[in-house]
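A.B. asks: This is the structure I have questions about; it appears just below.
The values are calculated or read from the model by the stated rules, or taken from the named source; none is laboratory data. From a predicted model like this one, the values you see are computed outputs, not experimental measurements. Here Cβ is always computed from backbone atoms with ideal geometry, including for glycine, and neighbour counts include all displayed protein chains. Just the protein is used for accessible areas: all its heavy atoms, side chains included, with ligands, DNA and RNA removed. Shrake-Rupley method; radii C 1.70, N 1.55, O 1.52, S 1.80 Å.
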Amino acid sequence: MATSVVASKIYRLPKKMAFNHLPELPSGQRSFELKNVVGNIKSSNTTQAVTADAPTSEKISQSISNNPLANYVPLFVMLPLGVITRENEFPNQEKMEQRLMELRKAGVDGVMVDVWWGILEAEGPKQYNWNSYKRLFQLVQKCGLRIQAIMSFHQCGGNIGDAVYIPLPKWVLAIGEEDKDIFYTNRYGNRNPEYLSLGVDNLPTFQGRTTIEMYRDFMQSFRLEMADLLESGTIMDIEVGLGPAGEMRYPSYPQDQGWKFPGIGEFQCYDKYMKREFKAASAKAGHPEWDLPDNAGTYNDTPEKTGFFGANGTYLSEKGKFFLTWYSNKMIEHGDQILDEANKVFQGCKVRLSIKVSGIHWWYKDDSHACELTSGYYNVKGRDGYRPVSRMISRHYGTLNFTCLEMINSEQPTDAKSAPEQLVQQVLSGGWDENVDVAGENALSRYDRKGYNQILLNVRPNGINENGPPKYKMVGVTYLRLSDELFESKKFKIFKQFVKKMHADMDYTREMTDVPILRRSKSKIPMEKLLEATEPIKPISWNSETDMSVGCPFADFLDNILDKLFPILK
């Protein structure tokens, strides 16, 4: 999907613009103005939640003028996957405190932390142990940082970048030994224990509880145990894990089953529960003879090698469209159910609810969009597979967190038919069109100026606005991830420049990560109304380059030359 590019108009804001430099306003109004910028749409002298019909934070931001802080975008840093070990221990606390203080001095707004189900409910149903996480969170609070907490209901291990192994709770895996169909299954019968199949979302399979109930109970325990940190505003974002790697998708490309980039992946709906649901759906549609695809290839095929994704393939037929709609709708319903439970649990807290959508950019330029389809995103020519997700999120006042912000088309292999730039533009445009707050992440670790500049371009695609909020702006970015390599002198120097540019050259301002009181979800949106959002829209125009650059890529080259010539300067 092509998008137009317009020339970048460059603005420069004062180098030391901070909250205290805002113009004087009548008593109480300055606080109100700032909170509007960050989406806190309640008055500064009341704690009552606003009504469901209140304007969105985006519309309110657009109404604010002469406020340069409206260009500020918070930056968070992901902590290591195993910061709390599989044994539920918090080692190396002194080193972590040192690292957190370095982030704070660099102007970083907060950190993201995986809160692993497999660690915390490991011993048995409702037997939670939060001690190590409380120590970690209290340390983060001590260092003056805020927390994005991921409700990680998935296995750690088997995906790109997974450096540790943390399985699902052992008592859940024991149930899986007796009933292997609780796990995602491909056409060849291979089971994937990294996340429970959607087919058991509402079945009391787990000692009388359903999957949805287990996730609800976990979140309720989290709220109870972390009440003081929620009340203080230290925890300000709850990202709800909805699939493998915490992303709302099917595990269609598992590395531990042999998948390699840029394979098309495989559909993951062949457990007995999903099979049964599909047969019921096809019978209800008047086609009891229809079955799940048997011609969609294997993990590492290319689209043209399959009958399903090839030219004039099954995906274009009535049968194929019915299957893909069912497969995608099941995933959206899954996300809607769990977000509804999360909203009930955290309603009344000053937190943002968010979900992560995966940036599957390979085969985007192929007519079939094969790997997006196997992952559950029914996104093809003439049909937007992402805007219905944004519409679903909107009823929960949620945030769409999208990956692969750093990726550039020219850096991808041509045989993968990859287009991450157009994918990012499509997904973000759809989110903004649905009045949903949009956040993002880089998919792979980057330490170079080119990668940072691409993120900055996506954060404010039309640049900053010296007279108030940009028309389009992300509400935050989470950088992947904290590591020893990040803190190497040269790399950390560039990273600090990146933080400053995320903040539009302004000083760190804690109030910019304030969020409103979470309201109760609106009424359920019928699927037919969600699917109206499959109608494609024209993406917004992106500038050709960011107006908040950390420097040209040639500077990286010079740095490398200097390192070789003058190793003593390292």
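A.B. asks: Ranked from the most accessible area to the least, with a 1.4 Å probe and all protein chains present, what is the order of Ser445, Ser152, Ser541? Mind dumping the intermediate values first?
C.D. replies: Values: Ser445 60, Ser152 0, Ser541 35 Å².
Sorted descending by solvent-accessible area, the residues read Ser445, Ser541, Ser152.
A.B. asks: Which order, highest average first, do 273-283, 395-405, 166-176 follow once you tally other Cβ atoms within 10 Å for each residue and take the mean per peptide? Don't jump to the answer; show the numbers that get you there.
C.D. replies: Numbers: 273-283: 16.4, 395-405: 24.5, 166-176: 17.9.
Averaged packing, sorted descending, gives the order 395-405, 166-176, 273-283.
A.B. asks: Sequence gap at least 6, Cα distance under 8 Å: using those rules, report the relative contact order of region 106-193 to the nearest whole percent.
C.D. replies: Numbers: 104 pairs, mean separation 27.8, N = 88.
Relative contact order here is 32 percent.
A.B. asks: Compute, for Glu532, the solvent-accessible surface of its heavy atoms (probe 1.4 Å) with the complete set of protein chains present, and express it in square angstrom to the nearest 10.
C.D. replies: For Glu532, the solvent-accessible surface is approximately 100 Å².
A.B. asks: Right, another one. Pairs Lys284/Lys356; Lys275/Lys321; Lys272/Lys365: which exceed 24 Å Cα-Cα?
C.D. replies: Details: Lys284/Lys356 32 Å; Lys275/Lys321 17 Å; Lys272/Lys365 34 Å.
Among Lys284/Lys356; Lys275/Lys321; Lys272/Lys365, the Cα-Cα distance tops 24 Å for Lys284/Lys356; Lys272/Lys365.
A.B. asks: Here's something else I'd like to know. How do the peptides 84-90, 498-504 rank, highest first, by the average count of neighbouring beta carbon atoms within 10 Å per residue?
C.D. replies: Values: 84-90: 15.1, 498-504: 23.7.
Ranked by mean Cβ neighbours within 10 Å, highest first: 498-504, 84-90.
A.B. asks: Ignoring ligands, DNA and RNA, how do Lys538, Lys496, Lys260, Lys473 rank by accessible area with a 1.4 Å probe, largest first? The partial results should precede the final answer.
C.D. replies: Working: Lys538 165, Lys496 95, Lys260 145, Lys473 35 Å².
Largest to smallest exposure gives the sequence Lys538, Lys260, Lys496, Lys473.
A.B. asks: Sticking with this one: Is the C-alpha gyration tensor of region 292-333 telling us rounded, prolate or oblate? Criteria: a/c under 1.5 is rounded; beyond that, a/b larger than b/c is prolate, otherwise oblate.
C.D. replies: Values: a/c = 2.57, a/b = 1.55, b/c = 1.66.
Here region 292-333 falls in the oblate category.
A.B. asks: Rounded to a whole number, what % of the accessible area of region 130-214 do carbon and sulfur atoms account for, probe 1.4 Å? Numbers along the way, then the final one.
C.D. replies: Values: 1470 of 3010 Å².
On region 130-214, the fraction of accessible area on carbon and sulfur atoms equals 49 percent.
A.B. asks: Another question about this same structure. Is region 417-464 rounded, prolate or oblate when judged by the Cα gyration tensor, a ≥ b ≥ c being the square roots of its eigenvalues, rounded requiring a/c under 1.5 and prolate requiring a/b larger than b/c?
C.D. replies: Values: a/c = 1.98, a/b = 1.47, b/c = 1.35.
Here region 417-464 falls in the prolate category.
A.B. asks: Which of rounded, prolate or oblate describes region 358-494 when judged by the alpha-carbon gyration tensor and an a/c cut-off of 1.5?
C.D. replies: Values: a/c = 1.84, a/b = 1.20, b/c = 1.54.
Cα axes put region 358-494 in the oblate bin.
A.B. asks: Return a whole-number percent for the relative contact order of region 356-454, with Cα pairs under 8 Å and 6 or more residues apart as the contact set.
C.D. replies: On the way: 155 pairs, mean separation 34.1, N = 99.
Here the relative contact order equals 34 percent.
A.B. asks: Which order, highest average first, do 67-75, 515-523, 228-236 follow once you tally other Cβ atoms within 10 Å for each residue and take the mean per peptide?
C.D. replies: Numbers: 67-75: 24.6, 515-523: 16.8, 228-236: 18.6.
Ranked by mean Cβ neighbours within 10 Å, highest first: 67-75, 228-236, 515-523.
A.B. asks: Another question, then. At a Förster radius of 51 Å, what calculated FRET efficiency corresponds to the Cβ-Cβ distance of Thr85 and Lys272, to the nearest 0.05? Intermediate results must be reported in sequence, preceding the final value.
C.D. replies: Details: r = 35 Å, r/R0 = 0.69.
With R0 = 51 Å, the Cβ-Cβ based efficiency is 0.90.
A.B. asks: Would you work out what percent of the accessible area of region 475-521, with all protein chains in place, is carbon or sulfur (probe 1.4 Å)? All intermediate terms of the calculation are to be shown ahead of the outcome.
C.D. replies: On the way: 780 of 1580 Å².
Here carbon and sulfur together make up 49 percent of the probe-accessible area.
A.B. asks: Averaged per residue, what accessible area in Å² does region 381-496 show with a 1.4 Å probe, protein chains only?
C.D. replies: Values: 3460 Å² over 116 residues.
It amounts to 30 Å² per residue over region 381-496.
A.B. asks: A further question follows. Just list whichever of Lys279/Lys305; Lys105/Lys142; Lys95/Lys170 have alpha carbons separated by over 20 Å in the model shown. Don't skip to the answer; put the middle values down first.
C.D. replies: On the way: Lys279/Lys305 27 Å; Lys105/Lys142 13 Å; Lys95/Lys170 30 Å.
Correct reply: Lys279/Lys305; Lys95/Lys170.
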